[in-house]
1. Once neighbouring chains are kept in place and the probe is 1.4 Å, which whole percent of the accessible area of the range 299-411 is contributed by carbon and sulfur?
2. Whole-Å semi-axes of the range 38-87's equivalent ellipsoid, largest first, each the root of 5 times a Cα gyration tensor eigenvalue?
3. Where Rh is the Kirkwood radius over the Cα pairs of the range 295-365, the temperature 25 °C and the viscosity 0.890 mPa s, what D in µm²/s does Stokes-Einstein return?
4. What pairs in Lys124/Lys394; Lys265/Lys394; Lys32/Lys153; Lys135/Lys265 have C-alpha atoms more than 32 Å from each other?
5. What residues have an amide H closer than 5 Å to that of Glu78, excluding those fewer than 5 places away on the same chain, when H is modeled at 1.01 Å from N in the peptide plane?
6. Among Thr299, Phe59, Val275, whose Cα projects farthest towards the positive end of the dipole of the chain, with charges put on the beta-carbon of Lys, Arg (+1) and Asp, Glu (-1)?
7. Highest GNM mean-square fluctuation, the chain, Cα pairs closer than 10 Å: which of Gly209, Gly24, Gly37?
8. Go through Gln398, Val27, Tyr98 and say which Cα lies farthest out towards the positive end of the charge dipole of the chain; charges sit on Cβ, +1 for Lys and Arg, -1 for Asp and Glu.
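The values are calculated or read from the model by the stated rules, or taken from the named source; none is laboratory data. None of these values were measured; they are calculated from a predicted model. Heads up, the Cβs are rebuilt from the backbone with ideal geometry, glycines too, and the neighbour counts pull from every protein chain shown. Heavy atoms of the whole protein, side chains included, go into the accessibility calculation; ligands, DNA and RNA do not. Shrake-Rupley method; radii C 1.70, N 1.55, O 1.52, S 1.80 Å.
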Amino acid sequence: MTDVTVIGGGVAGCSLSYLLEQEGFDVTIVEKDAIGGLLREIEFETGYHCDSAPHLLFFDEDEEAVVGELFSEFTHLEPHEFYAATYPRGTLSDPHHYPVSKQNIDEWDDADSIRKELADVPGKTDAEYFAQYMKNQVGETLYNRYNKNYTEKHWGIDPKRITGDWFDFKISFPEEEQEFFGDGAYYPEDKYTDILQSMVADCEIVFNGVSGLETNGNQVTAIKTEDGQRIESDLFVSTIDPSILIDTSESLNYRSMVILGTHLKAHDRLFPDHVDWGYFPNHYDFTRITDYDFIPQSTPNGEYILTTEFPCFIGDDIWANSEEWYSEYLMDFLHDQGINAELLDAQVRRAPRAYPLPVAEEIDTFEDINNQLNAYENMFNLGRVSTYEYIWIKDIVQQAYKARNDILEYV
């Protein structure tokens, strides 16, 4: 039997581990913290839970059917239409469509001027950087009101520097309000953590951090752990930051995220009844608040489960703030919005590598490090962090199927 060691127990590592175990491989997962990665739920002392930011399953049922097929082996997938709102003036009583629609133009006193501006822009055309890509579609005025500040707050980078192909399929400018994922999406009946633990029930799991590789020529012979262990294997799969594995002075930067989960009692819901989350482009230190009414759990009337996302870099003041600071910040926001709320419980989740940075110099650094890792014939990689790509669950699952096929071919 062929031994495979998978580094990382998030959705990438668990999906591939299950697929390989089904093919007869002897799979060991090395996970630093806990099975689930960023898909691990925030658990409240009040007995309720939520995602650490909304994790939705959406996929093309023809071209990406394997995504639904894999998860359906472990849970029931419930269809749901997800809608979002944006609040460019920072007021909950003033929701605008998100994705930003052309109907939003009428929310502004200078609507006629905006329409004249739009008549002179080329529309959705290729552009190397995010700022120009958006201005080509929505013009300067709407870009400044909806996109510029939000993008800079989310990424911590001037939008004129942001590159990559992610915005070509994540950004749209529809005529009217539309579902966030176009044709709808799904949400699992069971917790993601339970699903992933079921996937890897027949795999050996070692809870330890990985610090590097032992190699011989073009082969990896073992991984080294933070407490000095060696784990030998025939094949290796990484879902973690490749700069951790390679002996290099270079390192990769990621945009970090602090997620505040709250269970609170309030006299009113934050968003319109059909809206699941809201974006705040021009005010506040957070970017998004999500209401988890779509999760299959029943909260009493007048009680809400929310997450509030604070993007930052490690070392920023926001990253270092106390748990109480985040709760107080949210409660002050609700008070300013005229919402009388009582905090029942709060939990903070920190994600140090939430998003790869889509800037040319970071991508170049990744390519250099990844080329060194790819020199080892028995090492494979997948997942958002390992491939330094801004991708979703559906993309990661498809990567897992491709990695399984590559490994079968290699063997």
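1. 44
2. The answer is 24, 17, 9 Å, longest axis first.
3. The diffusion coefficient I find is 162 µm²/s.
4. As for pairs spanning more than 32 Å Cα to Cα, those are Lys265/Lys394; Lys135/Lys265.
5. Tyr187, Glu189
6. So the residue furthest toward the plus end is Val275.
7. Of Gly209, Gly24, Gly37, the Gaussian network model singles out Gly24 as fluctuating most.
8. The Cα lying farthest towards the positive end belongs to Tyr98.
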